[in-house]
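In what follows, a single structure is set out as structure tokens and then discussed.
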Ligand code: PLZ
């Protein structure tokens, strides 16, 4: 309660009072003031889920300039797994800031980058020899994974899937499935990108994983040809596309086919990676070993860093100087990543993600039993979603989804939606959230559903 009078606290972290607290309407006057400045200064294409002015965040809350404290069920889109301003991250980044801020790793290297690569090679699935390269954003890492796969295979075509999301740069826009808002009017898109059907158990009419994979493989063989295909890229659980968990057996069948056909299998674990799903990486749930794995988001506690990790022979194919970037693998982001990974390890956050998952799945399934508008409850660990439908027809209900999200926002819960049809509510809390806050947040959503 003390924070109400001193909202402009500059330190985040677990010291923040862990409570939902509304002292104004959302957005309050100070937030509104910022939104007015924003409208006059920032390009209109940069939108917001929740128009507040953030001054602090930590544990499971985000505090705004008006003194409101919101329950965070989004983690800045699956980034702050270790929480905002996690103590080890703050300490490591501060030390690095005082030592040096930038040299460019490809000009004069430093240890942090190499240590992050070593850690990624150790933590990612498979015990084969690996190499990593670091970048800034998820999209940049995806682009590099494709560059590397094309160079290695000397082939050009790339297959992405229905409902996929891989980023907003030109190549990754082309890989992304959904038109509005990501692609509309932004073309032309890069050539040699093809789209294959996914396994989407809730809307697949009973196809099992192997059958769905056979459908995709037939399309690939008939329309592209393995001899032209450099890579298959897929999110092991789709994020923006609707938290779609493919049927068991789908991913392993694709991996087998890729390996038999000299096609690089790339797992985009940008959203699923780093403890989020109750495993270090979501590929583990299906026992697959991707040739290349792309990571970002949860890797560095909120600092911009991304990575491509893969089989040594694939990753080493590009010549020295072929990969890089001015800020790629910044020393500050690398310091953050090492502290972040240590936090996942030392604080048992993989286990914590599983616990959060059982709270989420348990409560949401209970809601679903009483409310047929919740067509599906799905996900793994702390990456869970509900798909909202018209109970009579099963048609996606985006209007209901937006109503529930709006209710949550007005009642102090940061809640994200997703899905090709805009009818999925997703839960991505920081792994540092308490059960109390999580359950309180779910209660707000239950009330929102009731009132909608
Ligand atoms: N691959 C699987 O989820 C980013 C997008 C937010 P960047 N998802 C959040 C938005 O609206 O821009 C994402 C992802 C997967 C790649 C990316 C891209 O990561 O760091 O946003 O470039």
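The values are calculated or read from the model by the stated rules, or taken from the named source; none is laboratory data. These numbers come from a predicted model, not from an experiment. For neighbour counting, all protein chains shown are included, and Cβ atoms are generated from backbone atoms with ideal geometry for every residue, glycine included.
Per-residue answers, yes or no, for (1) in a loop (DSSP other than H, G, I, E, B); (2) within 16 Å of the ligand (Cβ to nearest atom); (3) not assigned by TED's automatic domain parsing to the domain that holds residue 45:
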position	(1), (2), (3)
108	yes, no, yes
117	no, no, yes
121	no, no, yes
128	yes, no, yes
147	no, yes, yes
159	no, yes, yes
172	no, yes, yes
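Report, by residue number, each residue of segment 67-86 that is touching a helix residue (DSSP H, G or I) at 6+ places or on another chain (Cβ under 6 Å) and away from the ligand (no atom under 16 Å from the Cβ).
Passing the criteria: 67, 71, 82, 85, 86.
Given the condition in contact (Cβ under 8 Å) with a residue 60 or more places away in the chain and more than 16 Å from the ligand (Cβ to nearest atom), answer yes or no: does some residue in segment 214-222 qualify?
Scanning segment 214-222 turns up at least one residue that is in contact (Cβ under 8 Å) with a residue 60 or more places away in the chain and more than 16 Å from the ligand (Cβ to nearest atom).
When residues of segment 307-335 are filtered for being within 15 Å of the ligand (Cβ to nearest atom), farther than 16 Å from residue 149 by Cβ and either modelled with pLDDT under 95 or buried (at least 22 other Cβ atoms within 10 Å of the Cβ) (or both), how many remain?
Total meeting the criteria: 4.
Checking the condition over 20 Å from residue 192 (Cα atoms) and part of a helix (DSSP H, G or I), which residue from 240, 227, 211 passes?
211
Only residues that are surrounded by fewer than 23 Cβ atoms within 10 Å (Cβ to Cβ) and in contact with a helix residue (DSSP H, G or I) (Cβ under 9 Å, 6 or more places away or on another chain): list them for segment 353-363, please.
355, 359, 363
Suppose we keep only residues that are under 23 Å from residue 205 (Cα atoms) and part of a helix (DSSP H, G or I) within segment 365-380. Which one would you say is farthest from the chain's Cα centre (by Cα)?
Top of the filtered list is 369.
Any idea which of (1) touching a strand residue (DSSP E or B) at 6+ places or on another chain (Cβ under 7 Å); (2) surrounded by fewer than 24 Cβ atoms within 10 Å (Cβ to Cβ) is the one residue 154 doesn't satisfy?
(1)
Select, from 75, 69, 94, 108, the only residue that is touching a strand residue (DSSP E or B) at 6+ places or on another chain (Cβ under 8 Å) and modelled with pLDDT of 95 or more.
That would be 69, the only listed residue that is touching a strand residue (DSSP E or B) at 6+ places or on another chain (Cβ under 8 Å) and modelled with pLDDT of 95 or more.
Of all residues in segment 195-211, which are in contact (Cβ under 8 Å) with a residue 24 or more places away in the chain and over 21 Å from residue 421 (Cα atoms)?
Scanning segment 195-211 gives 208, 209, 210.
May I ask you to say which residue of 241, 225, 249, 205 is modelled with pLDDT under 95 and either closer than 24 Å to residue 289 by Cβ or more than 26 Å from the chain's Cα centre (by Cα) (or both)?
Checking each option against the conditions leaves just 205.
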